[in-house]
Amino acid sequence: MQNSQHKTAIIFFVIFSALFVFISFWLNFTQNNINKQSNIATLLTFSQQYAADLQYDTELVLVHLTEKNFTQVNQFIDEHYDVHKSWLAELLSGAHDNEPLAMFGTKYLSLLTQLKVDKNTELLPNESQKYRKLMRLIEDISLNDENIIGLFKRRMLVNLEQLNSNTALSKILMLCLLINFFSMVIVSYWLLSSQSKSTHKNQRMALFFTHYPHLLLRLSNNGRIKYFNNKANSVMSTHRLNKYKLLPANISDQVAKVIKDSKQIIYFNHTIADVEMRGELRFCKESQQIYVTLIQAGQAINLDQKTITIEQAS
């Protein structure tokens with residue numbers, strides 16, 4: 001049960017760690033957007049006059065185009081092309097290509113660039129077509145309910161909405177990050193506490209088996225001795241015995257029996273250094289451990305149910 005809880009806690013810790021990294025990256029991305037949109041908002045605030053001036057200049061061009069005063073149009077293009085290009089760069093900072101103001105700016109600068117190449121008043125048919133395109137473009141945006149100034153204000157509003165949305169998202173992510181962090185702290189504390197308790201318990205169990213007053217052995221599935229306690233070590237040292245002398249020769253056959261039936265306890269007699277010993281062979285199914293207890297014949301075996309329960313928990 002405790003191992004299952006420990007594994008569950010580790011899984012939660014891994015999940016919380018992954019979420020912490022994911023939210024951190026998301027928060028960093030959102031903060032970058034906030035900084036970008038804040039810079040754009042500041043730039044747009046200082047560019048409001050550019051929108052008004054551009055609206056005024058395009059209406060003036062429209063007058064020249066309507067009157068077919070192409071000389072004035074060409075002169076206007078020469079004098080204002082670089083200025084308008086600079087203004088539009090400011091007004092369209094951070095704008096998407098599909099935004100109305102961005103689409104107007106792209107077409108407007110493209111037509112001015114084409115007309116700027118040839119300043120002759122004697123127009124070729126294709127040049128006249130370019131002037132008509134410029135006139136229709138300006139008419140569409142000037143006669144629309146949302147002219148350059150209106151589109152610019154809408155763009156400022158959209159940027160402000162995005163800024164507010166990202167700011168709100170940033171606060172939510174920050175809260176999630178804090179909750180996730182404290183969850184990681186709680187799970188980490190539980191894991192450390194559980195590990196400490198488990199270590200302490202294992203130490204007590206180890207001390208119990210080490211200092212058990214009778215010979216206590218732990219065997220492998222084929223009957224080889226994997227562990228012996230202090231009492232067994234003392235007996236071997238005193239009588240100068242090999243550890244395999246502590247068990248009868250047919251112990252592997254008996255081990256196979258208890259593995260097959262974990263509820264079975266096999267009792268046997270064995271002589272160690274001319275001392276008659278009585279042994280008990282047990283298999284703990286939960287811990288998959290095989291134990292042998294050896295006591296001098298005539299003494300009571302003190303390996304009670306509580307002892308078995310503690311060992312099974314290991």
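The values are calculated or read from the model by the stated rules, or taken from the named source; none is laboratory data. Because the structure is a prediction, the values reported are computed rather than measured. All Cβ positions, even for glycine, are placed from backbone atoms using ideal geometry, and neighbour counts span all protein chains on display.
Some notes on this structure:
- The listed residues are L241, L303, L246, L281, and the only one of them that is farther than 30 Å from I10 by Cβ and modelled with pLDDT of 90 or more turns out to be L281.
- Filtered by the rule that a residue be more than 16 Å from F46 (Cα to Cα) and either without any contact (Cβ under 8 Å) to a residue 40 or more places away in the chain or not assigned by TED's automatic domain parsing to the domain that holds Y50 (or both), segment 84-109 gives K85, H96, D97, N98, A102, M103, G105, T106, K107, L109.
- Per the conditions (1) surrounded by 15 or more Cβ atoms within 10 Å (Cβ to Cβ); (2) not assigned by TED's automatic domain parsing to the domain that holds L109, the sole criterion not satisfied by T8 is (1).
- Here T42, T71 are screened, and the one residue that is in the same structural domain as L112 (by TED's automatic domain parsing), among the β-branched types (V, I, T), assigned to a helix (DSSP H, G or I) and touching a residue at least 24 places away in the same chain (Cβ under 8 Å) is T71.
- If only residues of segment 208-242 that are part of a helix (DSSP H, G or I), touching a residue at least 12 places away in the same chain (Cβ under 8 Å) and not hydroxyl-bearing (S, T, Y) are counted, the one that is farthest from Y291 (Cα to Cα) is H239.
- From A102, A95, residue being within 18 Å of V158 (Cβ to Cβ), small (G, A, S) and not in a loop (DSSP other than H, G, I, E, B): A102
- Single residue of segment 243-263 satisfying the filter (in a helix (DSSP H, G or I) and of a type in the set (D, E, K, R)) that is surrounded by the fewest Cβ atoms within 10 Å (Cβ to Cβ): K260
- The set of residues in segment 166-184 that are surrounded by 14 or more Cβ atoms within 10 Å (Cβ to Cβ) and within 14 Å of N28 (Cα to Cα) comprises N166, T167, L169, S170, L173, M174, C176, L177.
- Those residues of segment 29-52 which are under 17 Å from S165 (Cβ atoms) and loosely packed, with under 15 Cβ neighbours inside 10 Å, in sequence order: F29, N32, N35, S38, N39
- For A18, the requirement of being in a loop (DSSP other than H, G, I, E, B), over 19 Å from L134 (Cα atoms) and among the hydrophobic types (A, V, I, L, M, F, W, C) is not met.
- Summed over segment 211-242, residues that are of a type in the set (S, T, N, Q) and surrounded by 14 or more Cβ atoms within 10 Å (Cβ to Cβ) total 2.
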